[in-house]
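**Student:** This is the structure, below, for whatever I ask next.
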Amino acid sequence: MTLVKEAPVRPAGKRSAPPAAGRRGRRRENLAGYLFMSPWIAGFLLLTAGPMIASLYYAFTSYNLFTPPKWVGLDNFTTMFQDPRWQKSVEVTLKYVVVATPLKLLLALGVALLLAQKRRGQGLYRAAFYMPSLIGASVSVGFVWRALFSDDAVVDRTQKVFGLDAGGWIGNPDYVLYALVALSIWQFGAPMVIFLAGLKQVPQELYEAAEVDGAGPLRRFWNITLPMISPVLFFNVLLESIHAFQVFGSAYVVSDTRCGPADATLVYTCYLYQKGFKEAQMGFASAMAWTLVVAVALVTAVLFWSQKKWVHYEEAAK
């Protein structure tokens, strides 16, 4: 008869301490991880968090880059809210956001619906439509856009063919903002790709069942496509709205650094740049910057609150 020696039973809840070598190994791994992260951490602290904290302090000071900042409390914000040009910049920016963002998303969704269908040369079409998103923010495109919409240029001559004598848009305060809107719409490639990815996730069985029930294309789009891609639509609306509030390069270059004429393209960031770097009122500019941060945060909060009513998530439906 073979006797089997039972292993001693450890009391429940007690574990043997890991060996010292194992603890030292984990410390070395953690140290290596922090070393690899150190460039990003240093960049974040020096180039993002540090300037943000400094600008928050400057927002409550009178600071012109050449003399030490002087604490003035809320004077910058009081002066800003009473400034007619600041009010004009808010008006121009809101108009740009309200007009450019929906039109850009509508075009992106329409093209995505066309490209979602199987056809020859799909890859070429997608690349061609996405290309403006890569180059649209460059300064060179801003110069080209200004040339296209100047007097007696391509757009002006095309208008005359159809009997419209509005002249160049760049020099006309009533039309120059719409040149910026057109430039924004032309860069619809990024939201188009996101819409296309969302459309690929819609089950084809839903369309087949709706077609059997006699639903037409419009009804299938309204009752199936839109609800199924509503999370993607929400993401694009949020992202493009934030980008529209931050528009600067196109307005600055297309208007030949004047943000005009007659302040017609005086978007918020353009006026912020003028105050901070042309007039050296860095305290005032910092107050404008933090006001924009709060405004964008409020818009984001409203969008997140509203998504409960129109965004449909698959997890919530289960």
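**Student:** Could you tell me which of the residues Ala209, Ala244 is among the hydrophobic types (A, V, I, L, M, F, W, C) and within 18 Å of Leu106 (Cβ to Cβ)?
**Tutor:** Details: Ala209 fails: within 18 Å of Leu106 (Cβ to Cβ).
From the options Ala209, Ala244, the qualifying one is Ala244.
**Student:** So, one more: Go over the candidates Ala262, Ala287 one by one and state the one that is at positive phi, assigned by the TED database to the domain that holds Val141 and either modelled with pLDDT under 95 or among the small types (Gly, Ala, Ser) (or both).
**Tutor:** Of Ala262, Ala287, the one residue that is at positive phi, assigned by the TED database to the domain that holds Val141 and either modelled with pLDDT under 95 or among the small types (Gly, Ala, Ser) (or both) is Ala262.
**Student:** Can you tell me which residues in segment 270-297 are free of Cβ contacts under 8 Å to residues at least 24 places away in the same chain, more than 16 Å from Phe77 (Cβ to Cβ) and in a helix (DSSP H, G or I)?
**Tutor:** Gln274, Phe277, Lys278, Ala297
**Student:** Also, quick follow-up: Quick check: is even one residue across segment 160-171 assigned to a helix (DSSP H, G or I) and in the same structural domain as Asp263 (by the TED database)?
**Tutor:** Yes: segment 160-171 contains one or more residues that are assigned to a helix (DSSP H, G or I) and in the same structural domain as Asp263 (by the TED database).
**Student:** Then there is this: Name the residues in segment 206-243 that are among the aromatic types (Phe, Trp, Tyr), under 27 Å from the mean Cα position of the chain (by Cα) and over 30 Å from Leu298 (Cβ atoms), would you?
**Tutor:** If the condition is that a residue be among the aromatic types (Phe, Trp, Tyr), under 27 Å from the mean Cα position of the chain (by Cα) and over 30 Å from Leu298 (Cβ atoms), then Phe221, Trp222 are the ones that fit.
**Student:** Out of curiosity, is Val247 open to solvent by 30 Å² or more (accessible area, probe 1.4 Å) and either of a type outside the set (Lys, Arg) or in contact with a helix residue (DSSP H, G or I) (Cβ under 7 Å, 6 or more places away or on another chain) (or both)?
**Tutor:** no
**Student:** Here are some conditions: (1) out of contact with any Ser or Thr (no Cβ under 9 Å at 6 or more places or on another chain); (2) at negative phi. Gly163 meets all but one. Which one does it not meet?
**Tutor:** Exception for Gly163: condition (2).
**Student:** Could you tell me whether Val155 is part of a helix (DSSP H, G or I) and touching a Gly at 6+ places or on another chain (Cβ under 9 Å)?
**Tutor:** yes
**Student:** Consider segment 219-230. How many of its residues are under 30 Å from Tyr96 (Cβ atoms), open to solvent by 20 Å² or more (accessible area, probe 1.4 Å) and of a type in the set (A, V, I, L, M)?
**Tutor:** Total meeting the criteria: 1.
To keep it simple, each residue is scored yes or no on (1) crowded, with 18+ Cβ neighbours inside 10 Å; (2) farther than 21 Å from Gly123 by Cβ; (3) in contact with a Lys or Arg (Cβ under 6 Å, 6 or more places away or on another chain).
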| position | (1), (2), (3) |
| --- | --- |
| Leu183 | yes, yes, no |
| Gln187 | yes, no, no |
| Ala197 | no, no, no |
| Leu206 | no, yes, no |
| Ala209 | no, yes, no |
| Pro217 | no, yes, no |
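**Student:** With the requirement that a residue be of a type outside the set (A, V, I, L, M) and outside any loop (DSSP other than H, G, I, E, B), what does segment 172-200 give you?
**Tutor:** Result: Tyr178, Ser184, Trp186, Gly189, Pro191, Phe195, Gly198, Lys200.
The values are calculated or read from the model by the stated rules, or taken from the named source; none is laboratory data. In this text the structure is predicted, and so the values were computed from the model without any measurement. Note that we place each Cβ from the backbone using ideal geometry, even for glycine, and neighbour counts take in every protein chain shown. Please note that ligands, DNA and RNA were not included when accessible areas were found on the heavy atoms of the full protein model with its side chains. Shrake-Rupley method; radii C 1.70, N 1.55, O 1.52, S 1.80 Å.
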